[in-house]
Amino acid sequence: MTESVTITDNRTGQSVEVPIVDGAVSAAEWAKLLPGIWFYDPGLGTTAECESAITYIDGEAGILRYRGYPIEQLAEGSTYLEVAYLLLNGELPVRAELDRFTEEIRQHTFIHENMRKRFFDGFHYDAHPMGMLVSSVAALSTFYPEAKRIDEPETRRRQAVRLIAKVPTLAAAAHRFSIGKPFVYPDVSLSFAENFLSMMWRGAEPRFEADPALVRAIEVLFILHADHEQNCSTTTMRVVGSAHADPYSACAAAIAALYGPRHGGANEAVLRMLTSIGSLDAVPEFVRSVKEGHGRLQGFGHRVYKNYDPRAKIIREVAYDVFEVTGKNPLLDIALKLEEVALADEYFSSRRLYPNVDFYSGLIYQALGFPVELFPVLFAIPRTSGWLAHWSEMLEKNTRIARPRQVYTGQDERPYVPLAERG
Ligand code: CMC
């Protein structure tokens, strides 16, 4: 039997029955009864903007799957490039497909010399790396004008490969620029994660050798951050993409959304919060001040997860592996205490606020030597594949341009007053 809801317009007595399909009701069906009456949904918290077959989240149960595969299994057995392929193509690659994809990515890791020499040199010496990433990704569209041909599947696929390959290069270039060190060219003999670390850290040595445990940690962090369905930046990618902008411009917009402290900036905020708390003794007082409305507990709460974020559980384990190599981050004890105090507190439990992915990721990034400004950049690198998977999916479905309505609350019509008569 088909499940449905019936709504009645009490002004006219008319009713419409709307079927519930895949856990959703069609707003278009609903609107037939209510032309000119809009669904008021600030923050789009109860709106499904699209159909998508990429990522499944059950926020109540704390479940996250990419293309049906549980995130725990992907984090355990996969590499970031396998996961990027999965997100883009819907299936895990067989060996030959993965080799081809990896090789293609490697070949596209280089950026145009004008980007490196002229574009980056134009930034102020203390430019935030996320600002540099937003603008340099947007600038890529000027190097690949073919990217405008968004209706050609092969052209779309090529830009996706370029973006996944070049974002780490731009990210590392932004970092090297901000510390005044020379740019390190990609090393195509290294894996995706190793090459990123090489571009970040290589000094005078001829070849950068990274600790395998740290490389694996980066792979896992990249896998965990690769997609998260219709979050703020992915929605931005889709909204800009729905206007048929090229993928570099849409991706730059998505990175700009990710720059915000409520989204990709949260792990930076976590680290600043833990540093300002300073000691275990200060934790209860800090929690009290949050409950009194003085700021938020950064790295806690989520629009979708009303349970422990499954990514946070995996990251907590990874943190211990990293600290075995790097030594323990002294802020870890404060984080653990904060989690313990908050989880036992009625304020947080009644609002179902649990640690999210950002609560522990900043501690790992700091232990790995990344400056806090780079944290959102480290989020943007893997999320690029998720954004592109959604962008392609949207274009394949020939989605309409995003154009929501509003509830107008401004002035009624009033006559214009010339400047001389005002005041
Ligand atoms: N600390 C204290 N109180 C909180 C927090 C928090 N971190 N998050 C939510 N609340 C309270 C909020 O004050 C509200 O209380 P009340 O009902 O009394 O007014 C209630 O919980 C519901 O909050 P909301 O603002 O309606 O929740 P939201 O779904 O709009 O916001 C959020 C989600 C992630 C923006 C928010 O929880 C937050 O600001 N968290 C801290 C920042 C953070 O960690 N962001 C990273 C998100 S995960 C990365 C990603 O996937 O992008």
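The values are calculated or read from the model by the stated rules, or taken from the named source; none is laboratory data. These numbers were taken from a predicted model, which means no experiment stands behind them. Every residue, glycine as well, gets a Cβ built from its backbone with ideal geometry; the counts of neighbours run over all protein chains shown. Protein only, heavy atoms only, side chains kept; ligands, DNA and RNA dropped before computing areas. Shrake-Rupley method; radii C 1.70, N 1.55, O 1.52, S 1.80 Å.
Ranked by the mean number of other Cβ atoms within 10 Å per residue, highest first, peptides 413-423, 283-293 order as 283-293, 413-423. Dipole magnitude for the chain: about 1040 debye, using +1 per Lys or Arg Cβ and -1 per Asp or Glu Cβ, origin at the Cα centre. Angle of helix 247-258 to the longest C-alpha principal axis of the chain, folded into 0 to 90 degrees and rounded to 10: 90°. List the aspartates and glutamates whose alpha-carbon lies under 16 Å from that of Lys32, not counting same-chain residues fewer than 8 positions away? Within the straight-line cut-off, Lys32 pairs with Asp9, Glu17. Would you tally the net charge around Ala204, using a Cβ to Cβ cut-off of less than 15 Å, leaving Ala204 out, and scoring K and R as +1, D and E as -1? That sum, taken over residues with Cβ under 15 Å, equals +1.
Computed over the stretch 62-202, the range of Cα coordinates on each principal axis works out to 44, 35, 34 Å, biggest value leading. For the chain, find the longest principal axis of its Cα atoms and tell me its angle to the long axis of helix 129-143, 0 to 90°, nearest 10. Rounded to the nearest ten degrees, it is 80. Near Leu86, once Lys and Arg are set to +1 and Asp and Glu to -1 for all other residues with Cβ below 12 Å from its Cβ, the sum equals -2. Mean residue ellipticity at 222 nm, helices only, the chain: -15500 deg cm²/dmol; runs of at least 4 DSSP H residues each add -39,500 (n - 2.57), and the sum is divided by the number of residues. For Ala402, what is the net charge nearby, where nearby means another residue's Cβ is under 9 Å from its Cβ and Lys, Arg count +1, Asp, Glu -1? My count for the surroundings of Ala402 gives +2. Ordered by solvent-accessible area of protein heavy atoms (1.4 Å probe), largest first, the residues Lys148, Lys306 come out as Lys148, Lys306. Karplus-derived 3J(HN,Hα) values for the stretch 83-94, using 6.51 cos²θ - 1.76 cosθ + 1.60 with θ = phi - 60°, are 5, 4, 4, 4, 4, 6, 10, x, 10, 5, x, 7 Hz; glycine and proline are entered as x. What pairs from Lys166/Lys313; Lys306/Lys397; Lys148/Lys397; Lys291/Lys328; Lys181/Lys328 go past 20 Å between their alpha carbons? In this structure, Lys166/Lys313; Lys306/Lys397; Lys291/Lys328; Lys181/Lys328 lie more than 20 Å apart at Cα. Applying the Karplus relation 6.51 cos²θ - 1.76 cosθ + 1.60 with θ = phi - 60° to the stretch 416-423 yields 3J(HN,Hα) values of 5, 10, x, 3, 5, 9, 7, x Hz, where x marks Gly and Pro. Normalised by 2.2 N^0.38 Å, with N the number of residues, the alpha-carbon radius of gyration of the stretch 266-367 equals 1.01.
Sorted on the mean count of surrounding Cβ atoms within 10 Å across their residues, most packed first, peptides 250-261, 120-131, 200-211 read 250-261, 120-131, 200-211. The string of couplings for the stretch 381-392 from the Karplus curve (6.51, -1.76, 1.60, θ = phi - 60°) is 4, x, 5, 3, 5, x, 4, 5, 4, 5, 4, 5 Hz, one whole number per residue in order, with x for Gly and Pro.
Between 0 and 90 degrees, rounded to the nearest ten: what's the tilt of helix 358-367 against the longest Cα principal axis of the chain? Its long axis makes an angle of about 20 degrees. Using the average count of surrounding beta-carbon atoms within 10 Å as a protection proxy, the listed peptides 62-74, 363-375, 215-227 rank, highest first, as 215-227, 363-375, 62-74. With the cut-off at under 17 Å, measuring from each backbone N in the stretch 384-415 to a point 7 Å along the Cα-to-Cβ line of Arg11 picks out 406-409.
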